[in-house]
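Here is the structure we will look at.
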Amino acid sequence: MKKIKSAILAEIFCFCIILGVYLGQKESAPISAEKSNQDYIKWVDFNVSYEALCAAYQWDVDTYQSKHPVHWVELLAYLAARNGGNFGKGDLKAIAAAGEMLSSGETTMEELTRDLKYYSYYKEAYGAVLNGYVGEYEVETEPGSGRYEKKYGLKAHLPVAKGFPYSDYDDFGVSRSYGYRRQHLGHDMMGQIGTPIIAVESGYVEAIGWNQYGGWRLGIRSFDKQRYYYYAHLRQNYPYAEGLAEGSLVTAGDVIGYMGHTGYSTTENVNNIDQVHLHFGIQLIFDESQKEGNGEIWINPYQLIRFLRNNQSETEKVPDTKEWKRVRDMVDPAVVEEAKAREKILSNP
């Protein structure tokens, strides 16, 4: 009997090895690219480089309102589908070649991606990251003038105000031990107490208040509900911009709070973080079940932070207060649309 059992186990072991080799030879796919009975993306590795972001963005801006506009998310998704989600030295040449063909009308994105099995996955995944970043908006011609000019381009802002120093490095995924051993699912930007913290994207305040890990923290949700921005360790005693509350609408570039080092305490308003910094995180949400729990998707925002340095919000001190405010007002159509929708609901209870 023992010999029979040993033979069976040996056969199973050999079969597993053969199956593993076979699967290893199959075309590699991004995690969760295959649809299950729960039809939404379960994981995203956002590995797009700073250089690729800049190049794709420039094609988008340069071809806007042309006969053959090139959409930057589609361009990046095309590149990822070709390269299995990896970005490297040949990216700029590939982006330039695709941009030339698309903008000239020589080909279409549908034709370019016809044989790329995972293009639709990358388009949806990268869209979840970037869809609110580029578009039309209006900005004051002069501070406080009330006169606006229409523009198209990068609406999203760096989370630290212009002119305020900070230092950072790629620290996503490093170990954290307070409370329990876990990964660092965000990006730390070290700076000075009171540095104005800026809304990266327009949206609404979904969470505000004390959290023992993040201290005074803010959670802002994008209007399409796919991005949740987490700003943590805000200043002791005066963490938030005046008037900010759960449900408040914010426009990209607004001052929303101030850098500090609160947190790591069950007691409110305690500075238990050694270094003054902003913890900035981006969570992707394809289904509300992913908002909190084991299905959370947090992406590495380091390359995005590098990219957002190209658009920093200039701020000024409000006299006789602890407040700072943006210098130039911006009108984001997404905020206007959301405000109108809320007003309609209130007028038709």
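Here are a few things to note about the model shown:
- Debye log10 I(q)/I(0) for the range 168-258, one point scatterer per Cα, at q = 0.15, 0.18, 0.25 Å⁻¹: -0.60, -0.86, -1.37
- The chain, helix-only ellipticity at 222 nm - DSSP H runs n ≥ 4, -39,500 (n - 2.57), divided by all residues, nearest 500: -9000 deg cm²/dmol
- Here the range 244-281 is scanned for amide nitrogen atoms under 12 Å from the site 7 Å beyond the Cα of Y238 along Cα-to-Cβ, giving 258-259.
- Stokes-Einstein diffusion of the range 47-136 at 4 °C, 1.567 mPa s viscosity, Kirkwood radius from Cα pairs, rounded to a whole number: 100 µm²/s.
- Euclidean distance between Cα centres, the range 219-263 to the range 298-346, Å: 10 Å
- Principal axis dimensions, the range 210-349 - Cα atoms, whole angstrom, descending: 48, 46, 36
- Sorting S167, S145, S202 by accessible area puts them as S167, S145, S202; the probe is 1.4 Å, largest comes first, and only protein heavy atoms count.
- Membrane-span-like helices of the chain, defined as complete DSSP H segments with a Cα extent of 27 Å or more along the helix axis and a mean Kyte hydropathy of at least -0.5, are identified as 2-25.
- The simple Förster model, with R0 at 41 Å and r as the Cβ-Cβ distance, assigns L116 and D320 a FRET efficiency of 0.10.
- Once the mean of 1/r is taken over each pair of separate Cα atoms and inverted, the range 224-300 shows a Kirkwood hydrodynamic radius of 14.2 Å.
- Legend: calculated FRET efficiency, A207 to I345, from the Cβ-Cβ distance at R0 = 22 Å, rounded to 0.05, equals 0.55.
- Normalised by the number of residues in the range 216-349, the average gap of Cα pairs under 8 Å and 6 or more apart makes the relative contact order 22 percent.
- Its Cα centre serving as origin, the chain has a Cβ charge dipole (Lys and Arg +1, Asp and Glu -1) of approximately 1080 debye.
- Per residue convex hull volume, Cα atoms of the chain, in Å³: 213 Å³
- Taking the inverse of the mean reciprocal distance over all distinct Cα pairs, the Kirkwood hydrodynamic radius of the range 101-244 comes to 18.7 Å.
- Qualifying trypsin sites (Lys or Arg not before Pro) for the range 181-260 [loop in DSSP, other Cβ within 10 Å: at most 10]: R181
The values are calculated or read from the model by the stated rules, or taken from the named source; none is laboratory data. Because the structure is predicted, anything quoted here is derived from the model rather than measured. Note: ideal-geometry Cβ built from the backbone for every residue, glycine included; neighbour counts use all protein chains shown. Protein only, heavy atoms only, side chains kept; ligands, DNA and RNA dropped before computing areas. Shrake-Rupley method; radii C 1.70, N 1.55, O 1.52, S 1.80 Å.
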